[in-house]
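In what follows, a single structure is set out as structure tokens and then discussed.
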Amino acid sequence: MKRSSNHYEDMTFSEFILFMKTYSQQLEENINIYLNLDSPILESDRIATEMLLQSFLQFFTESRIEHKEEDGTAQMHTWLMSQLAILSMKSLNLFQLVFEKSLITLVFQIKHHRSRSIVMYTLSIFTYLVSDYINCNNSEEGKSNDKKSILENKPLDNLNKLLIGTSGVQNLAFILKKCEEWFQYKRCVFYAYVPWSNEFYGAVGTELQKVQSMRGQLGDRYTVFSAQKPIFLKDPTNYIKDDHIQLFGLSSIIFIPIVHEEQLFGWLTFDQMGQEFDCTSKELALLEQVGIRLGLFFSRRGEGLVKDNDVHLTEREHSILMLLSEGYDNKRIAKLLFLSEHTVRDYVSSLMKKLNAKNRTQVVASAFRKGLLQ
């Protein structure tokens, strides 16, 4: 974002982050007031606007003040990409209106000595966001020009052939390994989406135990998991929790949503296991096609699912197996199913015996291979 060269003192992106962190509570109070005051807003528009405002506040309050030379455009672009599923020009305008009213009210309430700088910097942020959103829509319209060259890409052709000849998610681990090989990434992970709880969990990928330890609520410091468009993060700091970054030794990372006919199945991530890398728009468009093909694959996965008839699970065992695959511990499973923890432990032991597994992680992996989990 270019700063104005007017009489007032210019504000940096880091200074704006600090302001947002300091006065986030008062700003949130003002936002709630203006959302309720604007009664002509339809309820659907109000909900979308409120979601955008919450995500925007969270972005700033959880950002680190480290990149003092940066102007914030890369961070703002990433945030915008993560919100495309709920963004429209109407919701963007309502979001801007409520935020600017709330912020202007705040700077006058606290009589901040840099009120003008703060307001002007806020205007520059929204000028950038509106422009970037328009550019995103225009680039979507222009994608057809490159589509032929993308579809003729050899790795994508290899993936097409593999998916056509594959049925059942028991082969998903092999598919991800081939994606790593063909698209030249060291790690590819699949995170599944649970619509009824609005959560995600790590399902399949390199270092399976680490992968399956990952779960979270959409919007809970995992903005990228709300995205229904591909996102490349040169630096995942501020977008992914620190423990996730440290667990996987993440540097740069790519998120690709897996969607078919507006049904979200989850996300693929690609990274180089700690090495920073760049990703061009053409490369991102290619990986988007991977997500589209896997979306189609998931939509038909039940048709040819091969189940192991030698393994017979009771309804209760299957329920517990499903919850294990989503990362729930014994205490949470017991609470959800109205059982004692001791009883849940017995069921888990039974599953380990039936699936010839030594631990919970092997139970889930074996169940996927045998087609007991989809």
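The values are calculated or read from the model by the stated rules, or taken from the named source; none is laboratory data. Since this is a predicted model, take the numbers as computed values, not measurements. Heads up: the accessible areas ignore ligands, DNA and RNA and are worked out on the full protein's heavy atoms, side chains in. Shrake-Rupley method; radii C 1.70, N 1.55, O 1.52, S 1.80 Å.
Under 5 Å from the amide H of L87 lies no amide H of any residue 5 or more positions distant or on a separate chain, with H modelled from the backbone and absent for Pro and chain starts. What shape does the stretch 73-114 take by its C-alpha gyration tensor, where a ≥ b ≥ c are the square roots of the eigenvalues and a/c under 1.5 counts as rounded, a/b above b/c as prolate, and the rest as oblate? Verdict is oblate for the stretch 73-114. For the stretch 95-110, putting each phi into the Karplus relation 6.51 cos²θ - 1.76 cosθ + 1.60 with θ = phi - 60° gives couplings of 4, 4, 4, 5, 5, 5, 4, 5, 6, 4, 4, 4, 5, 7, 4, 8 Hz, in residue order, rounded to whole numbers and with x for Gly and Pro.
Over the stretch 84-139, accessible surface divided per residue gives 46 Å², non-protein components excluded, 1.4 Å probe. Could you work out the Kirkwood radius for the stretch 239-301, taking every pair of different alpha carbons, averaging 1/r and inverting it, reported in Å? Taking the inverse mean of 1/r over all distinct Cα pairs, the stretch 239-301 comes out at 12.9 Å. What's the long-distance tail for the stretch 311-357, i.e. % of Cα pairs beyond 14 Å? That tail contains 43 percent of the Cα-Cα pairs.
Tell me, rounded to the nearest percent, the portion of alpha carbon pairs in the stretch 238-374 spaced more than 25 Å apart. Summing the P(r) tail past 25 Å for the stretch 238-374 gives 47 percent.
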